[in-house]
1. Please specify each residue of the range 18-57 satisfying the condition of being closer than 12 Å to Leu87 by Cα, in contact (Cβ under 8 Å) with a residue 40 or more places away in the chain and not in a loop (DSSP other than H, G, I, E, B).
2. Out of Pro92, Pro122, I need the residue that is farther than 19 Å from Phe226 by Cβ, buried (at least 20 other Cβ atoms within 10 Å of the Cβ) and not assigned by TED's automatic domain parsing to the domain that holds Thr377. Which one?
3. Please go through (1) of a type outside the set (Gly, Ala, Ser); (2) touching an Asp or Glu at 6+ places or on another chain (Cβ under 6 Å); (3) touching a residue at least 60 places away in the same chain (Cβ under 8 Å) for Thr372 and return the number of the only condition it doesn't satisfy.
4. Considering Glu128, Glu86, which residue is in contact with a Lys or Arg (Cβ under 6 Å, 6 or more places away or on another chain) and either farther than 20 Å from Leu195 by Cβ or touching a residue at least 40 places away in the same chain (Cβ under 8 Å) (or both)?
5. Considering the range 200-246 alone, what residues qualify as being aliphatic (A, V, I, L, M), assigned to a helix (DSSP H, G or I) and modelled with pLDDT of 95 or more?
6. I'm trying to understand the selection: among the residues of the range 303-334, which are in contact with a helix residue (DSSP H, G or I) (Cβ under 8 Å, 6 or more places away or on another chain) and exposed (fewer than 14 other Cβ atoms within 10 Å of the Cβ)?
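The values are calculated or read from the model by the stated rules, or taken from the named source; none is laboratory data. Please read all numbers here as calculations on a predicted model, not as lab measurements. All Cβ positions, even for glycine, are placed from backbone atoms using ideal geometry, and neighbour counts span all protein chains on display.
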Amino acid sequence: MISTMAINKDDSRTFLTEEHLLFKQSIREFLAKEAVPFYDQWEKEGGIPCSFWKKIGDHGFLCPWLDVEFGGKAADFGYSVVLGEELEMVGPKLGGISIHSDVVAPYIASFGTIDQKQRYLPKFISGEMISAFALTEPGMGSDLADIHTTAIKKDGHYIVNGAKTFVTNGFKADFMIVACKTDLNSVPSQDGISLLLIDKDTPGFSRGRKLGNAGQGSSDTAELFFDDASVPVGNLLGEEGKGLSYITQKLQQERLMCAIGTLMATKDMLHLTMNFIKERKAFDKKISKLKNAQFTIAEIATDIHLGRTFVDGLICKHMNGENILTEVSMAKYWVTEMSKRISDKCMQLHDGYGNIGDDKIARRHRGMPLTTFFTGTDETVKLLIAKNIGF
């Protein structure tokens with residue numbers, strides 16, 4: 001259960017102002033009323049209802065950074081941090097909301113035409129429209145350029161053929177950004193990829209099965225199929241053949257959001273574990289009184305504090321507009337690997353009770369390994385780091 005108690009200012013988080021904290025309090029109170037009581041039911045039903053998206057939009061929590069002309073508040077990235085953290089504290093199934101608000105929407109805000117922005121962004125803010133980003137394909141590795149979905153221009157339309165998988169929000173999405181190969185003769189060193197805005201009613205578009213991820217039971221993840229799907233050329237996002245460049249430009253914020261969310265998930269596991277061992281006994285003692293348990297908790301708390309200090313510093317740099325993709329990639333890699341170690345330690349302290357399938361700690365543990373695959377596998381991230389430090 002999320003606490004609705006007053007949120008005190010943490011002086012170590014210098015990027016958070018009083019306005020951020022008021023926003024944080026409002027979100028926490030909203031989620032305590034509208035999400036926490038229903039979360040287990042959403043787990044069983046396999047999805048977050050569209051009515052919740054509308055509610056969170058009505059309260060003004062979606063895309064607050066967007067310009068006022070599109071219905072936003074022109075707020076800074078700190079509001080996105082607050083939103084992402086509070087959603088994650090409820091559970092990972094709400095992560096699709098952060099992807100909608102802080103991954104998909106920025107593409108349209110940065111690269112879209114005025115018509116595209118007016119068509120989509122106000123509905124992003126209201127929660128009337130759910131969005132997705134379709135990049136990964138069946139059999140695709142971690143090479144972003146290894147895309148086989150094609151989009152061939154014909155008679156004022158792009159004819160799209162191919163498939164996408166592991167698309168977050170894909171099952172309910174009203175609209176999606178789809179990465180396609182538009183230059184079939186491009187070589188790996190070139191781009192040749194374009195981003196298309198594809199609506200759910202597009203002829204030739206269909207959804208496959210909903211994909212159930214371990215620990216992400218109610219996340220809306222799906223397969224998408226395009227069979228001669230006809231997309232107007234006016235739905236091209238940005239310039240043709242520059243899709244890979246656009247994806248790279250947005251990778252910094254996407255990986256930073258991943259690190260932020262994973263840290264909050266790890267912090268939640270620590271709190272769940274501390275509460276558990278304060279009540280359980282072993283050898284006629286509360287587990288919390290055993291030195292091994294105390295040592296383990298101290299190790300976990302230290303790792304989380306180090307991770308948050310690192311990530312908070314990157315948040316400040318990102319808000320200042322600095323190019324820190326290498327550092328953000330380091331944070332994403334280190335935090336997600338750290339989270340798996342901490343998750344294992346927390347489960348050990350829970351003993352057999354940690355394996356109860358419907359318990360929150362068990363769901364957290366099952367879902368934690370997935371974070372290492374978000375925004376690129378460890379191997380892909382480490383290759384980028386090595387390259388960018390001159391090795």
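1. The answer is Lys24, Ile27, Arg28, Leu31, Val36, Tyr39, Ile56.
2. Sole residue among the options that is farther than 19 Å from Phe226 by Cβ, buried (at least 20 other Cβ atoms within 10 Å of the Cβ) and not assigned by TED's automatic domain parsing to the domain that holds Thr377: Pro92.
3. If we test Thr372 against (1) of a type outside the set (Gly, Ala, Ser); (2) touching an Asp or Glu at 6+ places or on another chain (Cβ under 6 Å); (3) touching a residue at least 60 places away in the same chain (Cβ under 8 Å), just (3) comes out false.
4. Glu86
5. Val233
6. Asn323 - this is the single residue of the range 303-334 that is in contact with a helix residue (DSSP H, G or I) (Cβ under 8 Å, 6 or more places away or on another chain) and exposed (fewer than 14 other Cβ atoms within 10 Å of the Cβ).
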